[in-house]
Amino acid sequence: MAIPPSAPFEPFIPASVDIREFTFRAVLTGIVLGIVFGASSLYLVLKVGLTVSASIPVAVISLAMFRAWSKTGGRDATILEHNITQTAGSAGESIAFGVGVTMPAILILGFDLELTRVMLVAILGGLLGILMMIPLRRALIVKEHGVLKYPEGTACAAVLKAGVDEVSRAAASPAAKAEMAAAEAAGLGKSPGAKIIFTGFGLGLLYKTVNVALKGWKDVPEKIFGAPLKSGSISAEISPELVGVGYIIGPYIGGIMCAGGVLSYLLLIPLIKFFGEGLPGPLAPGLIPIAEMGPGQIRSAYILHIGAGAVAAGGIISLVQALPTIWHGFKGGLRDLGWGGQVDQGPTLRTDRDISMKWVGIGIFVLIGTIMLAPSLHMNFLGALLIIVFGFLFVTVSSRLTGEIGSTSNPISGMTVATLLFTCLIFLLVGWTGGAHYVTALTIGAIVCIASSNGGTTSQDLKTGFLLGSTPKLQQYAILLGAFGSAVVLGPILLKLNDAATVYVPVAQIASAGLRTDPALLTNHESLRGPQARDDGGSYLTWHKTDAVGGPAGKYLVNAAGAAVWLVDPGINGAYNTRPDGSHVRKFDAPKATLMSYIIKGILDRKLPWALVLLGVMIAVCLQMSFIPALAFAVGVYLPISSSSPIFIGGMIRWLVDRKLKQNPAHAKLSVDEFNAESDKSPGVLLASGYIAGGAIAGIVIAFFAGVLSDFDFAITQWSVAHNPFFEGPHSDLLSLIPFIAICGFLYLVAREKLLRPKLN
């Protein structure tokens with residue numbers, strides 16, 4: 001409901017009041033939390049192709065940390081300091097999403113993932129998105145207040161108000177004081193439950209550590225069926241982070257994703273086994289007869305292509321559906337930008353001060369120049385021009401759509417798909433079809449994706465600041481620093497996660513006759529990385545084999561005589577899950593990155609198994625014609641069912657909780673949007689966020705120490721195989737469900753406020 005002109009908006013802290021805001025401790029805390037949640041978001045997007053908003057978890061942690069500090073004699077943070085912390089901290093999640101859905105495609109396309117490229121793309125895209133959004137602030141946040149809701153930003157403001165300190169309470173506007181008094185009189189002044197998210201973080205960290213590092217129980221219980229569903233299977237990666245994701249996204253999307261997994265594992269794989277088992281030889285693109293294939297091999301050879309086609313079609317369909325909204329957002333953004341430019345005449349109010357448009361323009365110019373000149377990006381003038389055009393377009397669209405439908409529903413993936421489609425078509429028209437142009441096209445898409453994602457996040461944060469009475473310029477400084485800090489570390493984390501799950505396959509295992517090449521044509525050297533480095537510390541030449549003659553295409557390590565020794569199977573989207581010593585490796589599927597690689601290969605290379613890809617396309621079309629969201633289902637088709645099933649379980653827990661919550665008389669009269677806003681601030685969401693952060697961080701730490709602690713890992717694995725019935729044995733699949741059921745039950749009880757009930761202020 002729009003506020004009439006006669007009743008100007010009054011923020012929580014009036015513009016005439018100055019309290020502590022942009023402090024070193026607030027910024028530093030935000031940067032650190034941004035790195036933590038950025039790392040966990042990157043882990044999630046590599047596993048399941050999505051992330052969850054970090055604003056509320058960061059705000060809650062900020063409240064808890066500074067409140068605890070005050071109890072030890074330190075000074076509590078003001079509400080504006082907390083807002084600076086959450087502003088700096090929220091940038092990590094949006095950058096992680098952009099990096100995770102684009103950069104791994106370089107590996108999938110058969111190229112090396114260079115650290116400098118990943119870091120530059122993350123930094124440049126993140127900063128560009130923030131700078132391009134700043135001129136839109138007055139138009140989108142101020143002028144459209146009451147029209148553009150910015151649901152996550154509004155919810156975050158409510159959380160910070162609930163934990164307000166005494167200094168901020170005393171400085172609050174008369175309207176804010178009256179609002180707080182009314183809420184407390186009605187019994188609504190509950191704390192945001194900071195201990196809940198810390199409890200979730202601790203449980204997620206402990207669970208994942210005991211489960212994966214100490215081999216406490218089997219991490220993926222599985223049941224493989226015989227006839228009539230021969231090679232069909234059902235499994236679940238019983239991890240806290242996936243349950244947490246499911247709880248936050250809810251039962252509808254979680255159920256649709258799991259349905260895609262059911263189609264793959266209980267219909268398509270058994271059908272391929274049934275009809276292909278009698279074939280005398282391999283069926284392309286498979287390399288061995290179907291009769292000799294297990295469920296995982298059938299999935300790698302056939303289902304992944306079907307799933308990728310479905311994901312591509314679902315992405316394009318969602319883009320087409322969003323075109324009216326995108327056009328509306330673009331027109332509104334252009335109109336708003338014109339309005340904002342007219343108003344920027346040296347604002348006098350503290351709450352209306354932005355970074356100077358002069359410095360914004362200089363910053364954008366410098367970033368574009370860096371993009372063109374950076375050697376590792378291999379960018380040309382046309383590529384830089386496309387970044388400017390698509391970046392401005394989709395940052396504008398993303399900033400407005402975030403206000404209308406929120407960050408979760410913002411079609412960033414569709415905008416990235418559109419960028420890649422148009423970029424590849426332009427490259428095709430000018431004859432740029434070589435391998436180097438694949439990387440250039442992907443770099444363009446990555447920078448635009450990160451910029452669009454961060455533009456939407458920036459607008460959410462500025463909405464929170466508008467409601468609280470923050471100084472926009474200081475928020476903009478904070479998110480620039482937070483984005484830079486997160487971008488610097490996400491590149492090394494991405495490469496380390498890939499290295500930890502990389503399998504070096506002996507060439508004798510895949511090519512009995514051996515493979516050779518001319519070593520004089522090779523220049524780059526590389527050693528084994530990760531756990532296998534302990535067995536072979538030699539230095540090899542690298543050979544990127546582009547055909548399937550004599551052995552699979554891919555990256556090989558070659559000795560000085562030209563003989564290939566190892567096939568390097570990447571940890572992201574790789575095909576080999578077992579090392580030579582028999583240890584099992586869990587790969588990252590990276591469904592969104594796979595989609596990006598298929599778009600590039602399909603347009604510039606045109607060498608795809610089109611029959612399987614088109615089958616996936618038709619699945620997506622049929623679903624959309626049935627009014628079922630095709631993209632969510634398609635992601636489920638591509639992902640292993642072990643990833644989508646725990647997400648579905650988390651969604652069902654959310655459904656049970658919300659069903660009970662709706663029966664509460666206090667919520668009976670709320671609209672759907674109001675109820676969803678209340679549910680998104682509930683103890684269940686906070687605990688689920690803790691599960692996500694704790695589980696993901698544990699997974700990253702374990703990956704980082706995989707090479708260092710390889711001997712310990714081998715020893716604990718051997719012991720667990722011999723002595724731990726929860727890890728190995730006839731009943732391990734059932735026994736491993738006990739700790740998983742425990743964390744699911746705990747989530748339900750906390751969400752129902754049966755445990756860890758928030759206290760009144």
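The values are calculated or read from the model by the stated rules, or taken from the named source; none is laboratory data. Here the structure is a predicted model, which is why all the values come from computation and not from measurement. All Cβ positions, glycine included, derive from the backbone under ideal geometry; neighbour counts span all protein chains shown.
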### Task
Of the numbered conditions (1) surrounded by fewer than 24 Cβ atoms within 10 Å (Cβ to Cβ); (2) at pLDDT 90 or above; (3) touching a helix residue (DSSP H, G or I) at 6+ places or on another chain (Cβ under 6 Å), Phe427 fails exactly one; give the number of that condition.
(2)
### Residue among Met415, Met379 that alone is in the same structural domain as Leu467 (by TED's automatic domain parsing) and modelled with pLDDT under 80
Met415
### Query
Which residues, counting only those in region 569-593, are of a type in the set (Val, Ile, Thr) and crowded, with 23+ Cβ neighbours inside 10 Å?
Ile572
### Message
Against the definition (of a type outside the set (Gly, Ala, Ser) and crowded, with 21+ Cβ neighbours inside 10 Å), how does Pro609 come out, yes or no?
### Response
no
### Message
Looking at the structure I just gave you, is Leu279 modelled with pLDDT of 85 or more, exposed (fewer than 15 other Cβ atoms within 10 Å of the Cβ) and either in contact with a helix residue (DSSP H, G or I) (Cβ under 6 Å, 6 or more places away or on another chain) or not in a helix (DSSP H, G or I) (or both)?
### Response
yes
### Task
Scan region 108-152 residue by residue and report those that are under 25 Å from Val48 (Cβ atoms) and buried (at least 24 other Cβ atoms within 10 Å of the Cβ).
Val118, Val121, Ala122, Gly125, Gly126, Gly129, Glu152
#### Entry: Conditions (1) modelled with pLDDT under 85; (2) at negative phi: number failed by Thr443
(1)
## Note on the structure
Counted residues in region 590-639 being of a type outside the set (Gly, Ala, Ser), assigned to a loop (DSSP other than H, G, I, E, B), within 25 Å of Leu442 (Cα to Cα) and touching a helix residue (DSSP H, G or I) at 6+ places or on another chain (Cβ under 7 Å) come to 4
### Query
Which condition breaks for Val488 when tested against (1) assigned by TED's automatic domain parsing to the domain that holds Gly126; (2) among the β-branched types (Val, Ile, Thr); (3) crowded, with 20+ Cβ neighbours inside 10 Å?
(3)
### Query
Scanning region 717-761 for residues that are more than 26 Å from Gly650 (Cα to Cα) and among the aliphatic types (A, V, I, L, M), which turns out modelled with the lowest pLDDT?
Leu760
### Query
What single numbered condition from (1) modelled with pLDDT under 85; (2) touching a Gly at 6+ places or on another chain (Cβ under 8 Å); (3) not hydrophobic (A, V, I, L, M, F, W, C) fails to hold for Pro5?
(2)
### Summary
With criteria (1) over 30 Å from Ala26 (Cα atoms); (2) under 19 Å from the mean Cα position of the chain (by Cα), Leu490 comes up short on (1)
### Task
Return yes when Ile272 is of a type outside the set (Ser, Thr, Tyr), more than 22 Å from Val685 (Cα to Cα) and assigned to a helix (DSSP H, G or I) and no when it is not.
yes
## Note on the structure
Flagged in region 535-552 as modelled with pLDDT under 85 and surrounded by fewer than 13 Cβ atoms within 10 Å (Cβ to Cβ), in numbering order, are Asp535, Gly537, Thr546, Asp547, Ala548, Val549
## Note on the structure
Filter region 284-299 for residues that are buried (at least 20 other Cβ atoms within 10 Å of the Cβ) and in contact (Cβ under 8 Å) with a residue 60 or more places away in the chain; the one that is farthest from the chain's Cα centre (by Cα) is Met293
